[in-house]
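Structure, as structure tokens:
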Amino acid sequence: MKIRLDHCVVHVSDWERSNSFYRDVLGAEIVRVGKGFAYRFGEQQLNLHGPGLEPVPVARLPVRPGNSDLCFVWPGPIADAAAHLSRCNIPVEHGPVARNGAGGNGTSVYFRDPDGSLLEFISYTPDSD
């Protein structure tokens, strides 16, 4: 059996602010879903708990603001990811630091979304000196 991750869930407290962040910083496609939105990244998606939505009964406890920790693969050197975050006025909270992810050894930088969830860019591309 070969399975893959389809989606996970984060909490957003302000649709407009979060839609702008995930679109502009992470390159998400914003998808309207009922009264809310989802963020699509190719074949993966972030579903959202947010204003006006009731995720129960499936989610016994809704995802809380700042409670998620997600890693995204950056397609180039990690220095480029850090520069991108700087241009977007997003502070790097930690890194660059060596990490191990699904693709093996990489280098990561950590930052936060507008609700405080921890996000990570990992690069499997060596930085040039």
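The values are calculated or read from the model by the stated rules, or taken from the named source; none is laboratory data. Treat the numbers as computed from the prediction; the structure is a model and nothing was measured. Cβ atoms come from the backbone with ideal geometry, glycine included; neighbour counts cover every protein chain shown.
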Filtered residues of region 47-64 (kept if at negative phi and either among the hydroxyl-bearing types (Ser, Thr, Tyr) or in contact with a Lys or Arg (Cβ under 8 Å, 6 or more places away or on another chain) (or both)): LEU53
Answer residue from region 42-70, given it is of a type in the set (A, V, I, L, M, F, W, C) and within 13 Å of VAL10 (Cβ to Cβ) and is modelled with the lowest pLDDT among those: ALA59
Kindly check whether there is at least one residue in region 2-21 that is touching a Ser or Thr at 6+ places or on another chain (Cβ under 6 Å), touching a residue at least 12 places away in the same chain (Cβ under 8 Å) and crowded, with 17+ Cβ neighbours inside 10 Å. yes
Taking ALA59, is it crowded, with 17+ Cβ neighbours inside 10 Å and touching a residue at least 12 places away in the same chain (Cβ under 8 Å)? no
Identify the single condition in (1) more than 17 Å from the chain's Cα centre (by Cα); (2) surrounded by fewer than 16 Cβ atoms within 10 Å (Cβ to Cβ) that ARG112 does not satisfy, given that it satisfies every other one. (1)
Only one of GLY50, GLY36 is in contact with a His (Cβ under 9 Å, 6 or more places away or on another chain), free of Cβ contacts under 8 Å to residues at least 60 places away in the same chain, of a type in the set (Gly, Ala, Ser) and within 21 Å of PHE111 (Cβ to Cβ), namely GLY50
With respect to TYR39, is the statement that it is modelled with pLDDT of 90 or more and either touching a Lys or Arg at 6+ places or on another chain (Cβ under 9 Å) or in a loop (DSSP other than H, G, I, E, B) (or both) true? yes
Selection from region 74-86 of residues under 15 Å from the mean Cα position of the chain (by Cα) and surrounded by fewer than 16 Cβ atoms within 10 Å (Cβ to Cβ) yields PRO75
Failed item in (1) assigned to a strand (DSSP E or B); (2) among the aliphatic types (A, V, I, L, M); (3) out of contact with any Phe, Trp or Tyr (no Cβ under 6 Å at 6 or more places or on another chain); (4) surrounded by fewer than 17 Cβ atoms within 10 Å (Cβ to Cβ), with ILE30 passing the rest: (3)
Hey, among ASN89, ASN100, ASN67, which residue is surrounded by fewer than 17 Cβ atoms within 10 Å (Cβ to Cβ) and either at positive phi or in contact with a Cys (Cβ under 6 Å, 6 or more places away or on another chain) (or both)? ASN89
